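First the structure, in the form of structure tokens, and then the observations on it.
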Amino acid sequence: MTRKLRRIITGNDEQGRSTVLAEKPPVDLGVLHDMWVTDGAPASYAQEDSLEGRPVRLEPPPFGTVFRFFRVEPDDPALDAAEIEAQVAQRFEAIGAAHCRPDTSRSPRMHLTGTIDYIIVLEGEVTLLLDEDEVDLKPFDTVIQRGTNHAWVSKNGQSALLAAILVDAEAQA
């Protein structure tokens, strides 16, 4: 990504006046750029940096949220299907999400999280794959992802940048 992402963390000083407490880069895992995590609701103002010392996980903590940017990169044409599957499986394992891949028959990137996600395409174009549908998305298109098996794919050979807020959710009975 050529764009430099910044995290500006605000708070109140000793006199109760609003101020910038810190400016820090996101926690960066290459294609995932975590900005903030909450551990429950209601969230607390007290935590100075919610990412400090925390491993990057695909899903938020129970009753929590995660705010991140992520990139969708095109497939490397030099890799065959087995190599792509191995690469994707390793990436999901690294973020504690191997269990989030129940059915990858449509695409090795298919995954399902126990969350409601608000996804906004910021740059580029991307295709949302679902079990039965697919939708081409452009900047400022928004997806409300509600606990469904899905994948993000670049079909045009360009990377795309998306913003995501994942909210822990309870599955319907």
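The values are calculated or read from the model by the stated rules, or taken from the named source; none is laboratory data. Predicted model only: the values in this text are computed from it and were never measured. Note that each Cβ is placed from the backbone with ideal geometry, even for glycine, and that neighbours are counted across all protein chains shown.
Data overview
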quantity	calculated
Test: residue in region 33-50 that is in contact (Cβ under 8 Å) with a residue 24 or more places away in the chain, out of contact with any strand residue (DSSP E or B) (no Cβ under 8 Å at 6 or more places or on another chain), within 23 Å of VAL153 (Cβ to Cβ) and not in a strand (DSSP E or B)	no
Within region 4-37, considering residues that are under 18 Å from the mean Cα position of the chain (by Cα) and loosely packed, with under 11 Cβ neighbours inside 10 Å, the one modelled with the highest pLDDT	ARG6
Number of the exception - LEU122 against (1) buried (at least 18 other Cβ atoms within 10 Å of the Cβ); (2) part of a strand (DSSP E or B)	(1)
Matching residues, region 87-100, being within 25 Å of GLN158 (Cβ to Cβ), over 13 Å from the mean Cα position of the chain (by Cα) and surrounded by 12 or more Cβ atoms within 10 Å (Cβ to Cβ)	GLN87, VAL88, ALA89, ALA94
Conditions (1) among the hydroxyl-bearing types (Ser, Thr, Tyr); (2) in contact with a Pro (Cβ under 8 Å, 6 or more places away or on another chain); (3) within 27 Å of LYS4 (Cβ to Cβ); number of the one not met by THR115	(3)
ASP131 vs. criteria acidic (Asp, Glu), touching an Asp or Glu at 6+ places or on another chain (Cβ under 8 Å) and closer than 22 Å to ALA82 by Cα	yes
Residues of region 130-151 that turn out to be assigned to a strand (DSSP E or B) and either in contact (Cβ under 8 Å) with a residue 60 or more places away in the chain or surrounded by fewer than 17 Cβ atoms within 10 Å (Cβ to Cβ) (or both), as a count	7
